[in-house]
Amino acid sequence: MKNVTVVGAGLVGSLWSLYLAKRGYAVDVYERRPDPRKTGKAEGRSINLALSDRGWAALEKVGMAEAVRKEAIPMYRRVMHDVAGNLSFQPYGKENQAIYSVSRGGLNRLMVEAAEAHPHVNVHFGHACVDADVEGGTATFATEDGHVTSQGEAVFATDGAFSKVRAQFQRRDRFNYQQEYIDHGYKELHIPPGADGSHQIEREALHIWPRGKHMLIALPNPDGSFTCTLFFPMEGPMSFDALGTAEAAETFFAEHFGDALALMPDFQDQWRQNPVSSLVIIRCSPWNVGGKTVLFGDASHAIVPFYGQGMNSGFEDCRVFDELLDAHKDDFEAAFPVFSTQRKPHADAIAELAMRNFVEMRDLTAQPEFLLQKKIEAAFSAQYPGRWMPLYSQVTFSHIPYADALAAGKRQEAIMQTIMARPNIEETWNSQEVMDAILAQLH
Ligand SMILES: Cc1cc2nc3c(=O)[nH]c(=O)nc-3n(C[C@H](O)[C@H](O)[C@H](O)COP(=O)(O)OP(=O)(O)OC[C@H]3O[C@@H](n4cnc5c(N)ncnc54)[C@H](O)[C@@H]3O)c2cc1C
């Protein structure tokens, strides 16, 4: 049995170790954090993520989907809150199509436990990677008792956006690397359950307070609460920097997010306690050194969270890589470079899509014309299902490669611009004439 090393037991690392074990490898997973069961530490703040079809497919393949589904809440639509507290709605897809809110900590725990339960996986907590021999396929870890070096034949680096293994790639010739912080950062806030334990706003939905240059979102948790995230500029006249105190932040919230603030009785304490975090985009290539070391998940392509695809794309990496190992009969020398070359354009595409979706979420969802455009697309797609899949559905509810989805989305947008420019489109949007006008532009 071949022994391999996985660095980082986060979302992608724990899933990938299950894939490797299923393929018959003996897997050593090294994780910087201490074993949460031994430290007795709670998972901390309840950050949650949107899980969609690409993620589900990857979980399904190693038999994890059912366990995750038990802890996931479907979100069927976006609910937009305007400044006065009025609501508007936008379904995510067709009837019964949903993205799913899952707790990041809960999902990670479930996956690590599943990995550990596998007889061929050994998880070493409290092992922080400090060095890697990327040509040799080994990594070195600092532990409480000194340093240890992995013994496996290859290293799969899933140690996140600030990967220590990738740092060794950066010392090599012809490794491309780009790191970009966007202007916005984020702060998490919490809406507690109502007095009877129920959700205080619509449960099976993703809530958005779009305000042009910034926005607040909320995803449901099973305990009746919501995790909210404020995406806000880090610097400038309207920014985390400028807000300064919790009192000033509360005044700002009263003005911009009044209905959400009303549901956060301890707003000022939360504001003081919860940190402001940055958002980074990482692009690099190649992702492998021969057949010895390969970068996966955020370690190779960290993106902004606005399409809800960071984890989903990392999970898809696992499914795609598994197929490549099948195709190349587990020959790492052959499979690693193909993975890097084939997958990189799709990582770039989802990075671009995610930035574009930020504008859509924070700005366009507040505009009636945008919501009308989406309604027309949905109507056309329902009438001619084989001819049009909305971009959001391509990304979220299909396995169409991201770069293909991006290209198709650009073509669709050009068509919709002509449709939206038609006179009286507000009245005629659902007419056969409009449907025919779209049809005529499809070739
Ligand atoms: C605010 C926010 C919201 C998001 N929302 C979504 C969403 O809705 N949907 C979605 O799909 N994605 C979302 N994402 C993205 C998602 O969180 C990441 O894409 C995903 O966590 C990447 O998984 P990973 O395993 O590659 O990295 P990580 O989850 O970062 O895991 C890396 C692991 O490696 C360990 N590690 C790090 N350094 C070392 C070291 N030196 N030695 C050993 N171990 C190490 C870490 O402790 C960690 O366990 C969001 C991200 C943010 C910031």
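The values are calculated or read from the model by the stated rules, or taken from the named source; none is laboratory data. Worth saying up front: this structure is predicted, and the values here are computed from it rather than measured. Don't worry about glycine lacking a Cβ; one is built from the backbone with ideal geometry, like all the others, and counts go over all protein chains shown. The accessibility values were calculated without ligands, DNA or RNA, using every heavy atom of the protein model including side chains. Shrake-Rupley method; radii C 1.70, N 1.55, O 1.52, S 1.80 Å.
Looking at (1) within 11 Å of the ligand (Cβ to nearest atom); (2) assigned to a loop (DSSP other than H, G, I, E, B); (3) open to solvent by 10 Å² or more (accessible area, probe 1.4 Å), which is the only condition residue 302 fails?
Checking residue 302 against (1) within 11 Å of the ligand (Cβ to nearest atom); (2) assigned to a loop (DSSP other than H, G, I, E, B); (3) open to solvent by 10 Å² or more (accessible area, probe 1.4 Å), the one that fails is (3).
Being of a type in the set (S, T, N, Q) and more than 24 Å from the chain's Cα centre (by Cα) is the filter here, so list the residues in the range 177-209 that pass it.
If the condition is that a residue be of a type in the set (S, T, N, Q) and more than 24 Å from the chain's Cα centre (by Cα), then 198, 200 are the ones that fit.
Conditions (1) open to solvent by less than 40 Å² (accessible area, probe 1.4 Å); (2) among the charged types (D, E, K, R); (3) under 30 Å from residue 443 (Cα atoms); (4) in contact with a helix residue (DSSP H, G or I) (Cβ under 7 Å, 6 or more places away or on another chain), marked per residue:
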residue	(1), (2), (3), (4)
324	yes, no, no, yes
328	no, no, no, yes
331	no, yes, no, no
343	yes, yes, yes, yes
352	no, yes, yes, yes
360	yes, yes, yes, no
406	yes, no, yes, yes
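Among what's in the range 112-147 and is more than 12 Å from the ligand (Cβ to nearest atom), closer than 18 Å to residue 34 by Cβ and open to solvent by 40 Å² or more (accessible area, probe 1.4 Å), pick the residue that is nearest to the chain's Cα centre (by Cα).
Per the stated criteria, the residue is 113.
Cβ-Cβ below 7 Å, separation at least six or inter-chain, first residue in the range 4-31 and within 15 Å of residue 311 (Cα to Cα) and in a helix (DSSP H, G or I), second within 14 Å of the ligand (Cβ to nearest atom) and open to solvent by 10 Å² or more (accessible area, probe 1.4 Å): which pairs?
11/108; 11/311; 12/158; 13/158; 14/108; 14/112; 16/158
Kindly state which strands (runs of 3 or more DSSP E) lie completely within the range 86-131 and contain at least 2 residues that are hydrophobic (A, V, I, L, M, F, W, C) and within 15 Å of residue 56 (Cα to Cα).
Qualifying strands (runs of 3 or more DSSP E): 99-103.
Among the residues of the range 266-280, are any more than 9 Å from the ligand (Cβ to nearest atom), in a helix (DSSP H, G or I), within 22 Å of residue 50 (Cα to Cα) and without any contact (Cβ under 8 Å) to a residue 60 or more places away in the chain?
Within the range 266-280, not a single residue is more than 9 Å from the ligand (Cβ to nearest atom), in a helix (DSSP H, G or I), within 22 Å of residue 50 (Cα to Cα) and without any contact (Cβ under 8 Å) to a residue 60 or more places away in the chain.
Look through 356, 319, 343 and report the one residue that is assigned to a helix (DSSP H, G or I) and at pLDDT below 95.
356
Please determine whether any residue of the range 167-181 is within 11 Å of the ligand (Cβ to nearest atom) and buried (at least 21 other Cβ atoms within 10 Å of the Cβ).
no
Restricting to the range 369-385, name every residue that is open to solvent by 80 Å² or more (accessible area, probe 1.4 Å) and assigned to a loop (DSSP other than H, G, I, E, B).
385
Is it fair to say residue 362 is modelled with pLDDT under 95 and among the charged types (D, E, K, R)?
Criteria met by residue 362.
Which one of these is out of contact with any helix residue (DSSP H, G or I) (no Cβ under 9 Å at 6 or more places or on another chain) and surrounded by 21 or more Cβ atoms within 10 Å (Cβ to Cβ): 198, 150, 163?
Just a single option satisfies the conditions, and that option is 150.
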